[in-house]
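Reviewing the structure listed below.
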Amino acid sequence: MIRAFVLALQLLTRLPVPLPGSPPQPQELGLSVLFFPAVGLGIGALLAGLHTILWPTDPGVLAGLILAVWVLLTGGLHLDGLADTADAWIGGQGDRDRTLAIMKDPRSGPVAIVVIVLILLNKFAALESLLAGDARTVLLLAPVLGRAVIVLLLITAPYIRSGGLGTPYAQYLPRSSCGALLLLIAAAVVALLGWQGGVLLGVLGVGFLGMRRWLLSRLGGVTGDTLGAVCEVAETAVLLVSALLVD
């Protein structure tokens with residue numbers, strides 16, 4: 001279990017965490033999916049701690065700092081997936097093979113840049129609004145829910161890059177345990193936020209169904225890039241919905 005958690009940390013963050021023992025086995029990589037939300041909880045705890053330490057700071061300045069730390073902790077991993085997905089979705093012109101080919105291109109076009117700027121602007125605006133008050137609960141939950149959506153996609157949609165880096169994660173993940181974990185996370189959100197948590201989960205659920213249908217209709221499943229893109233969109237949605245509910 002400890003090795004699986006370390007593998008999840010190594011994949012989803014840029015924290016220098018060594019893996020003790022032998023190289024990871026495919027089964028361990030699959031088990032690490034169960035710890036994706038736990039990694040999100042760790043990221044959220046660091047962000048919430050930063051909010052606590054810098055409480056008197058101007059909300060705009062604090063929003064910029066927290067967003068910068070957020071991106072640095074992940075190394076922009078999910079933003080990269082979002083950029084590749086945006087480029088491929090427009091450039092693919094509805095063709096599956098063309099979409100997948102563009103997604104593998106490491107270069108970012110104008111569409112990718114625009115989408116990343118819009119995501120970061122919306123995150124910043126929502127954070128600035130939330131940080132005028134006590135935003136620690138939202139900061140704690142947003143990274144958790146973003147990675148919970150990744151888990152939900154992995155257990156409900158096929159991973160389509162055969163032999164890709166994400167294959168063992170998708171092939172060997174413990175589906176029943178992941179499902180139980182997602183239910184526990186949903187219950188925790190409602191317990192922490194009350195009716196606002198229910199609204200938040202409802203919005204995320206509708207968005208998830210739409211994105212999943214979109215991915216299945218275009219690609220027939222998911223890739224690592226699309227999982228990162230969905231995580232970014234889900235995190236942004238959590239911040240925006242929370243800010244709107246507070247206002």
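The values are calculated or read from the model by the stated rules, or taken from the named source; none is laboratory data. As the structure is a computational prediction, the values presented were derived from the model and not from experiment. Neighbour counts are summed over all protein chains in view; Cβ atoms, including those assigned to glycine, are modelled from backbone coordinates with ideal geometry.
Within the range 81-107, the set of residues being among the small types (Gly, Ala, Ser) and crowded, with 16+ Cβ neighbours inside 10 Å comprises Gly81, Ala83, Ala86, Ala88, Gly91, Gly92. Across the range 20-67, the number of residues qualifying as closer than 30 Å to Pro168 by Cα and out of contact with any helix residue (DSSP H, G or I) (no Cβ under 8 Å at 6 or more places or on another chain) comes to 3.
Taken over the range 1-41, the criterion of being among the β-branched types (Val, Ile, Thr) and either closer than 18 Å to Gly75 by Cβ or at pLDDT below 90 (or both) is satisfied by Ile2, Val6, Thr13, Val17, Val39.
Of the residues contained in the range 188-196, one or more are found to be farther than 15 Å from Gln27 by Cα and within 17 Å of the chain's Cα centre (by Cα).
Looking at the range 89-101, which of the residues that are within 9 Å of Val111 (Cβ to Cβ) and hydrophobic (A, V, I, L, M, F, W, C) is farthest from the chain's Cα centre (by Cα)? It would help to see each step written out before you state the result.
Start the filter on the range 89-101 by keeping residues that are within 9 Å of Val111 (Cβ to Cβ), which leaves 89-91.
This time we only want the ones that are hydrophobic (A, V, I, L, M, F, W, C), so: 89-90.
On the way: Trp89: 19, Ile90: 22 Å.
Among those that are within 9 Å of Val111 (Cβ to Cβ) and hydrophobic (A, V, I, L, M, F, W, C), it is Ile90.
Contact annotation: residue pairs with Cβ atoms under 8 Å, 6 or more positions apart or on different chains, pairing a residue in the range 59-74 that is under 13 Å from Ala135 (Cβ atoms) with a partner that is part of a helix (DSSP H, G or I) and of a type in the set (S, T, N, Q), are Pro59/Ser129. Only residues that are β-branched (Val, Ile, Thr), touching a residue at least 12 places away in the same chain (Cβ under 8 Å) and in a helix (DSSP H, G or I) were counted in the range 201-226, giving 2.
Is it true that Pro37 is in contact with a Leu (Cβ under 7 Å, 6 or more places away or on another chain) and surrounded by fewer than 18 Cβ atoms within 10 Å (Cβ to Cβ)?
So Pro37 fails the test.
Against the test of being surrounded by fewer than 18 Cβ atoms within 10 Å (Cβ to Cβ) and in contact (Cβ under 8 Å) with a residue 12 or more places away in the chain, the options Ile185, Ile160, Ile155 yield a single qualifying residue, Ile155.
For the range 80-123, a residue qualifies if it is more than 30 Å from Ile66 (Cβ to Cβ) and among the charged types (D, E, K, R), and the qualifying residues are Asp95, Arg96, Asp97, Arg98, Lys104, Asp105. Within the range 50-93, the set of residues being farther than 16 Å from Pro143 by Cβ and of a type in the set (Gly, Ala, Ser) comprises Gly60, Gly64, Ala83, Ala86, Ala88, Gly91, Gly92.
Here is a yes/no grid of residues against (1) in contact with a helix residue (DSSP H, G or I) (Cβ under 6 Å, 6 or more places away or on another chain); (2) over 17 Å from Val61 (Cβ atoms); (3) assigned to a helix (DSSP H, G or I); (4) at pLDDT 95 or above:
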{"site": "Val111", "(1), (2), (3), (4)": "yes, yes, yes, no"}
{"site": "Val114", "(1), (2), (3), (4)": "no, yes, yes, no"}
{"site": "Val117", "(1), (2), (3), (4)": "no, yes, yes, yes"}
{"site": "Leu121", "(1), (2), (3), (4)": "no, no, yes, yes"}
{"site": "Ala125", "(1), (2), (3), (4)": "no, no, yes, yes"}
{"site": "Glu128", "(1), (2), (3), (4)": "yes, no, yes, yes"}
{"site": "Ala132", "(1), (2), (3), (4)": "yes, no, no, no"}
{"site": "Ala142", "(1), (2), (3), (4)": "yes, yes, yes, yes"}
{"site": "Gly146", "(1), (2), (3), (4)": "yes, yes, yes, yes"}
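For the range 7-34, residues that are surrounded by 20 or more Cβ atoms within 10 Å (Cβ to Cβ) and either free of Cβ contacts under 8 Å to residues at least 24 places away in the same chain or polar (S, T, N, Q) (or both) total 1.
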